[in-house]
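**Student:** Got a structure here, written out as C-alpha cells. Questions coming.
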Amino acid sequence: MTRVAAEAWRTGSVAADEIPEIAGDTSPSVAAIYNSAVAAWAIAAAWEAGALDELYNRGELDAVDFAARHGLDAGSTVGMFRALSAVGVVERDDITIRPTEKFYEVYRTRSFFHWLSKGSAELFRQMHHCMKIENRTGRYWERDSAAIAYACREINELCYDSTFWYAVNRLDFEFDVVADLGCGSGGRVMDMLLRYPGTRGIGIDIARPALEVARQKMDAAGLASRAEFIEADVLDLPTRPEFGEVDLLTCFMMGHDFWPRDNCVETLRGLRRQFPHARRLLLGDATRTVGVADQDLGVFTLGFELAHQLMDAYLPVLSDWESVFEEGGWRLIRTHRIEMAVGEVIFELA
Ligand SMILES: C[S@@+](CC[C@H](N)C(=O)[O-])C[C@H]1O[C@@H](n2cnc3c(N)ncnc32)[C@H](O)[C@@H]1O
C-alpha cells in the first residue's frame, strides 16, 4: 500500500478491497511479518512440547492425538501448528501435520527462537521502556534467566561445541579442576565431568534460577559430589580457597558482559588474581556484526544485537577483544573463528 492509498482508505475515499498492491515490492507482506511474529512463539512452544522432535523423528503427526498424549488443549495445539503452517514451517491438512523443507532449518535453529520469544520476551515487551534514557539506570530490564540458559545449552551445541572440544582435546596439560564462568544451567561443567572422569567442576553464575537447574541436573546425573555451583558476579569475584585449585577456566556466551573496555581489562586481570593456577582460559562469545545490510541479516543477529542495545550492553567486535588480552594479563594463543550466527569466536588464552 502506498502512502497515498493509505490516506485514501483512512479518509474513506476508497474501499479496503480497492487498494492496489505496490508494484515490484519483494519485501515480506505485512501479513507475513505479523504471522512470523506469532510463529516465533509457536516454534518455541512446539520445541518445549516435543512437537518438533516428533515431527523430525516420525515425519508426520496428528495434532489432536499429539495434544491428548501430552496433556494439551486440542484447539490451542492445532492453533500452534496453524501458526507454523502460516509461515511454511509445516504443511497442515486439517489435523495432519508434516514437516516442509524449511522445517529442518527451523529444527536446527529452534534455540534462537526460544531465546527470543521465551528467554527475552519481557525485554522485547518492554522495548519502549528500555529505549527511554530516563529509565536506563540500575537493572531496568528483565529476562527469564532459566529460559535463556535452556536455549543457550542448544545454541552452544550448534555454534561452539565442536570447536570447544577441539580446543580442549589439544590442551598441552592435564587439568584437575575446571571453572566455568557464567555457567548458566551447568551444561558445560556436566559435559566436562562426563568426558574427564577424574576431574572436578565449579560453575559460577549470577542468576540463582539457572544455578538451581544446574544443581538439579548434577544430582540427577550422579555428579553432585564432583561439582560445586556458586552464585557470584564474575566481574567482581570474591576470593575462595577452591579457586586456587582451578587449572582450566572456560567462559562461554558471557564475555561481552566484561565490557566496556576498562571493565574488561580489569575483569581479565581479576581472573588472573582469583585463579592464580589457571593455565588456560577458553573464552567463547559472539562478536558484533560489521557491514551486513539490514535485509541480509541471518537468524539471531538482529534479535541478539537489539537485545544488547536495549540492555545497554556493549558488544565488542573482534578487534576490540584482540586489543585487551595483553593488558588484561593473558596471552592469546589462538583464535578460532566460527561465525555461524553472530560472529562466534573462541579465544585460547594462556
Ligand atoms: C548467555 S548465558 C550462557 C550460559 C552458558 N555459559 C552457556 O554457554 O550456555 C550467559 C550467562 O552468564 C551469566 N552472567 C551474566 N553476567 C554475569 C556476571 N556478571 N557474573 C556471573 N554470571 C553472569 C548469566 O546469568 C547467564 O547464565
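**Student:** Of the residues VAL87, VAL64, VAL78, which single one is out of contact with any Lys or Arg (no Cβ under 7 Å at 6 or more places or on another chain), in contact (Cβ under 8 Å) with a residue 12 or more places away in the chain and closer than 20 Å to VAL299 by Cα?
**Tutor:** VAL87
**Student:** Considering only the stretch 253-263, I want to know if a residue exists there that is more than 11 Å from the ligand (Cβ to nearest atom) and part of a helix (DSSP H, G or I).
**Tutor:** Yes, because at least one residue in the stretch 253-263 is more than 11 Å from the ligand (Cβ to nearest atom) and part of a helix (DSSP H, G or I).
**Student:** From the list VAL213, VAL168, VAL177, pick out the single residue that is away from the ligand (no atom under 15 Å from the Cβ) and surrounded by 15 or more Cβ atoms within 10 Å (Cβ to Cβ).
**Tutor:** After applying the criteria, what remains is VAL177.
**Student:** If you take the residues of the stretch 124-145 that are crowded, with 18+ Cβ neighbours inside 10 Å and hydrophobic (A, V, I, L, M, F, W, C), which of them is farthest from LEU302 (Cα to Cα)?
**Tutor:** So the residue we want is TRP141.
**Student:** Kindly establish whether CYS183 is surrounded by 18 or more Cβ atoms within 10 Å (Cβ to Cβ) and touching an Asp or Glu at 6+ places or on another chain (Cβ under 8 Å).
**Tutor:** yes
**Student:** I want to confirm something. Restricting to the stretch 201-210 and keeping residues that are under 20 Å from the mean Cα position of the chain (by Cα) and either among the hydrophobic types (A, V, I, L, M, F, W, C) or more than 10 Å from the ligand (Cβ to nearest atom) (or both), which single residue is modelled with the highest pLDDT?
**Tutor:** Going through the qualifying residues, I end up with ILE204.
**Student:** While we're here: Could you figure out which of (1) within 16 Å of the ligand (Cβ to nearest atom); (2) under 19 Å from the mean Cα position of the chain (by Cα) isn't true of GLY138?
**Tutor:** Condition not satisfied by GLY138: (2).
**Student:** Please identify the pairs in which a residue from the stretch 232-243 that is within 19 Å of ALA313 (Cβ to Cβ) has its Cβ atom under 9 Å from the Cβ atom of a residue that is more than 8 Å from the ligand (Cβ to nearest atom) and among the polar types (S, T, N, Q), counting only partners at least 6 apart or on another chain.
**Tutor:** Between residues of the stretch 232-243 that are within 19 Å of ALA313 (Cβ to Cβ) and residues that are more than 8 Å from the ligand (Cβ to nearest atom) and among the polar types (S, T, N, Q), the close pairs are VAL234/THR267; LEU235/ASN263; LEU235/THR267; ASP236/THR267.
**Student:** Looking at the stretch 219-231, which of its residues are touching a residue at least 24 places away in the same chain (Cβ under 8 Å) and either farther than 15 Å from ALA179 by Cβ or more than 16 Å from the ligand (Cβ to nearest atom) (or both)?
**Tutor:** The answer is ALA221, LEU223, ARG226.
**Student:** Of everything in the stretch 257-300 that's of a type in the set (Val, Ile, Thr) and farther than 12 Å from GLY343 by Cβ, which residue is nearest to the chain's Cα centre (by Cα)?
**Tutor:** VAL299
**Student:** Being under 30 Å from ARG110 (Cβ atoms) and crowded, with 17+ Cβ neighbours inside 10 Å: is that true of PHE300 here?
**Tutor:** Yes.
**Student:** Just name the residue that is farthest from the chain's Cα centre (by Cα) out of those in the stretch 328-338 that are outside any strand (DSSP E or B) and surrounded by 14 or more Cβ atoms within 10 Å (Cβ to Cβ).
**Tutor:** Checking each candidate, the answer is GLY329.
**Student:** Sticking with this one: So, GLY198, is that one of a type outside the set (Val, Ile, Thr) and more than 24 Å from the chain's Cα centre (by Cα) or not?
**Tutor:** Considered against the rule, which asks whether it is of a type outside the set (Val, Ile, Thr) and more than 24 Å from the chain's Cα centre (by Cα), GLY198 comes out as yes.
The values are calculated or read from the model by the stated rules, or taken from the named source; none is laboratory data. Quick caveat: nothing in here was measured; it's all calculated off a predicted structure. With ideal geometry, Cβ positions are generated from the backbone for all residues, glycine too; neighbour counts draw on all protein chains shown.
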